[in-house]
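Below is one structure, written out as structure tokens; comments come after it.
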Amino acid sequence: MSHLKMIAKSTTFAAVLCLSGWVAYDVMRPPYDGTAGITYGSAYAPIRDTDVDFHIWYPAAPGGKSITVGGNGVFYGTPAGRDAPRQNGQFPMIVISHGSGGNAGQFGWIASELAQAGYVVVLPNHPGTTTGNASAEAAVRVWERPADVSAVLDEITANAGAYPYIDTDRISILGFSAGGYTAMATSGARVDPDALQGFCDDSDHDMSDCAFLAHFGVDLHAIDMSPAAQDLRDPRIKTAVIVDPGIIETLTVESLEQIDIPMLIINLGDEDKIPVGIYARSAADAIPNATYAIVNDATHFSFLARCKPKGAQILIDEGELDPLCDDAGGRVRSDIHDELTRQIITYLQEHL
């Protein structure tokens with residue numbers, strides 16, 4: 001047997017062993033005894049000419065395999081029942097849009113709570129701004145993210161037989177940071193291209209965005225920003241919850257005044273400490289049906305999953321620019337999550 005054939009045979013054998021080990025491990029997973037199920041899907045996104053993958057959390061009965069969603073060395077994950085039996089009935093849908101560099105698994109903590117409260121939660125991973133698939137150039141093309149959301153809605157609404165448990169007449173969107181902009185755009189907010197092009201000219205907006213772009217040599221003035229001005233509203237979305245929306249200063253007042261759906265806008269942190277780049281009180285004042293709220297004693301990153309004890313040091317060692325594990329110091333992140341969960345679910349129950 002030739003050396004190349006031996007390598008090929010050994011590699012194949014190792015792959016079979018690895019696969020069989022994974023199958024055995026999967027079979028040995030304990031059954032799930034909770035009420036938050038998870039499954040997965042994908043949707044073709046024309047703007048990207050590729051698929052957008054997404055998580056689906058749903059109200060479940062005990063069963064399926066017990067898994068942990070989203071955990072890693074930095075963040076705690078969230079328990080779920082993979083392919084657990086669905087509860088009977090149709091349920092309103094909440095789309096969650098993650099921030100730049102984030103991912104669907106990072107928001108299992110709120111997705112699980114929403115599923116247990118009677119909602120189906122769909123979380124797309126935005127190509128180009130998702131953990132492991134992110135770049136500074138992609139982050140600037142903000143208009144692609146709302147198109148991802150519409151592509152996912154197209155997939156679900158066009159295939160009712162595959163999603164019989166979703167009430168597609170009752171759809172909301174929840175967005176954080178860049179996802180907050182995404183949620184506002186799908187609700188009718190539009191960007192002033194000149195304001196976006198000059199975003200880093202005179203200020204860093206108390207955020208790390210401009211330093212991030214400069215680090216990777218991105219010149220906003222060298223990019224055609226005209227697509228950012230387009231109307232990206234998706235009329236299937238009936239209400240929205242926005243948390244610390246990114247590039248809020250670039251949204252036109254005229255477009256905010258024309259948003260006609262109920263909207264809850266939340267800023268994290270004491271009002272005098274909220275970074276100007278995400279401070280949304282004036283935007284909320286311009287939107288006819290908006291409610292503005294502040295969650296005190298928090299930071300912008302308090303909406304992320306809880307950090308493990310060594311998480312902050314791991315981020316420092318990896319050169320992360322933002323203090324993703326830091327809260328304001330007065331209370332732990334789980335308490336902040338509890339307050340946010342109550343606010344969000346109460347609002348959705350009243351407006352969706």
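General observations
- Test for Tyr279: is it of a type in the set (Ser, Thr, Tyr), out of contact with any Lys or Arg (no Cβ under 6 Å at 6 or more places or on another chain) and over 23 Å from Thr78 (Cβ atoms): yes
- Meets criteria (open to solvent by 10 Å² or more (accessible area, probe 1.4 Å) and in a loop (DSSP other than H, G, I, E, B)) for Asp272: no
- Filter result for the condition that a residue is among the small types (Gly, Ala, Ser) and either in contact with a Pro (Cβ under 7 Å, 6 or more places away or on another chain) or at pLDDT below 95 (or both), over Ala43, Ala60: Ala60
- Exclusive hit being in contact (Cβ under 8 Å) with a residue 60 or more places away in the chain and open to solvent by less than 30 Å² (accessible area, probe 1.4 Å), set Thr35, Thr50, Thr78: Thr78
- Every listed requirement among (1) surrounded by 18 or more Cβ atoms within 10 Å (Cβ to Cβ); (2) over 25 Å from Arg86 (Cβ atoms); (3) under 13 Å from the mean Cα position of the chain (by Cα) is met by Thr131 save one, (1).
- Scoring Tyr279 on the criteria (1) assigned to a loop (DSSP other than H, G, I, E, B); (2) under 13 Å from Gly180 (Cβ atoms); (3) touching a residue at least 40 places away in the same chain (Cβ under 8 Å) leaves a single failure, condition (3).
- Taken together, the residues in segment 291-316 that are open to solvent by 30 Å² or more (accessible area, probe 1.4 Å) and either in a loop (DSSP other than H, G, I, E, B) or under 15 Å from Val241 (Cβ atoms) (or both) amount to 10.
- Taken as a whole, the condition of being open to solvent by less than 50 Å² (accessible area, probe 1.4 Å) and of a type in the set (Ser, Thr, Tyr) applies to Tyr119.
- Residue count for segment 301-321 satisfying the condition of being farther than 18 Å from Tyr76 by Cα and in contact with a Ser or Thr (Cβ under 8 Å, 6 or more places away or on another chain): 1.
- The helices (runs of 4 or more DSSP H) falling completely within segment 160-269 that include 3 or more residues that are among the small types (Gly, Ala, Ser) map to 178-186.
- Filtering segment 134-146 to residues that are touching a helix residue (DSSP H, G or I) at 6+ places or on another chain (Cβ under 9 Å) and either closer than 16 Å to Tyr58 by Cβ or hydrophobic (A, V, I, L, M, F, W, C) (or both) leaves Ala136, Ala138, Ala139, Val140, Val142, Trp143.
The values are calculated or read from the model by the stated rules, or taken from the named source; none is laboratory data. Note that the coordinates shown come from a computational prediction; the quantities given were computed from them, not determined experimentally. Reconstructed Cβ throughout: ideal geometry from the backbone, glycine too, with neighbour counts over all protein chains shown. Note: accessible area is taken over every heavy atom of the protein model, side chains too, but ligands, DNA and RNA are not part of it. Shrake-Rupley method; radii C 1.70, N 1.55, O 1.52, S 1.80 Å.
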